[in-house]
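What follows is one structure encoded as structure tokens, with my remarks underneath.
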Amino acid sequence: MKNKLLNILMILIIIVILITVLLIIIKYGKNQVNEKRLSGIIDEFETKYNNDEEISEDIMIDDYKVIGIITIPKINLKYPILDRTDNKGMKLSITKFWGSELNEIGNVTLAGHNNRDGTMFGKTKNLEKGDIIQITDKKSRTLDYEVFDYYIIDPNDVSCVESIDGSTKEVTLITCSNGNKKRLVTKAREINDK
């Protein structure tokens, strides 16, 4: 009887492990399909907005407008920036959470998931002061922003959306941390030495 119970327990453990592995593979596969889709959107954006033509229609991902591209060379990150933040949009790409227009005076705050596979903002924890964040807007301007601060906040603390210096161009990145119990904030300011 004891051996029979042990065999049933072992079978159940194997089934749970197999289901867990299958779910991880499915999630990873979905992320990779989305990454490939976003790569095509980035190519379309760069082609469309690098020409000097007047653009009459927006590039869309589902029902979200693509308003720019974020690139962080140090962590090999490049994503379209969607025009608004909600649960659906954040599953698709990086989103505009708050603030001014891209590459304008003030602070624009961008939100993205901290995916365990390193996609979206999953690697922003590796950024340090002095690292570069590049933002390309629909006017074909690509500005470099230098990281000057990063810190952890409570999810209800939105003070990070405020500009540190109202006369500069700033970018703030927000992602979840500590199992979604905290938020990692990365602040960057335009480099004016060009």
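The values are calculated or read from the model by the stated rules, or taken from the named source; none is laboratory data. In this text the structure is predicted, and so the values were computed from the model without any measurement. Here the Cβ positions follow ideal geometry from the backbone for every residue, glycine too, while neighbour counts run over all protein chains shown. Each accessible area value is taken on the protein alone, full model and side chains, heavy atoms only, with ligands, DNA and RNA left out. Shrake-Rupley method; radii C 1.70, N 1.55, O 1.52, S 1.80 Å.
Numbers at a glance
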item: Area accessible to solvent at ASP117, 1.4 Å probe radius, in Å²; result: 60 Å²
item: Candidates LEU18, LEU102, LEU92, ranked by Gaussian network fluctuation over the chain, Cα under 10 Å, top entry; result: LEU18
item: Amide H within-cut-off set for LEU127, under 5 Å, with H built and near neighbours excluded; result: none
item: Accessible surface, 1.4 Å probe, highest first, among residues MET10, MET1, MET60; result: MET1, MET10, MET60
item: Accessible area (Å², 1.4 Å probe, nearest 10) - ILE67; result: 30 Å²
item: Value of relative contact order over the chain, rounded to a whole percent, pairs C-alpha under 8 Å and six or more apart; result: 16 percent
item: Violating pairs (Cα-Cα greater than 28 angstrom) within the set LYS139/LYS182; LYS91/LYS139; LYS74/LYS96; result: LYS139/LYS182
item: Per residue solvent-accessible surface (Å²) - the chain, probe of 1.4 Å; result: 60 Å²
item: Ranked order, ARG183, ARG84 - accessible area, probe 1.4 Å, largest first; result: ARG84, ARG183
item: Whole-number Å³ per residue for the convex hull built on Cα positions in region 122-194; result: 107 Å³
item: Kirkwood Rh in Å, taken over the chain so that all alpha-carbon pairs contribute; result: 18.3 Å
item: Cβ-Cβ FRET estimate between ILE75 and VAL161, R0 fixed at 25 Å, reported to 0.05; result: 0.65
item: Only Lys, Arg (+1) and Asp, Glu (-1) charged, at Cβ; region 53-194 dipole about Cα centre in debye; result: 640 debye
item: Of the GluC sites (Glu not before Pro) in region 102-164, those whose Cβ has at most 15 other Cβ within 10 Å and which sit in DSSP loop; result: GLU104, GLU128, GLU162
item: The chain: most fluctuating residue of PHE121, PHE45, PHE148 per GNM, C-alpha cutoff 10 Å; result: PHE148
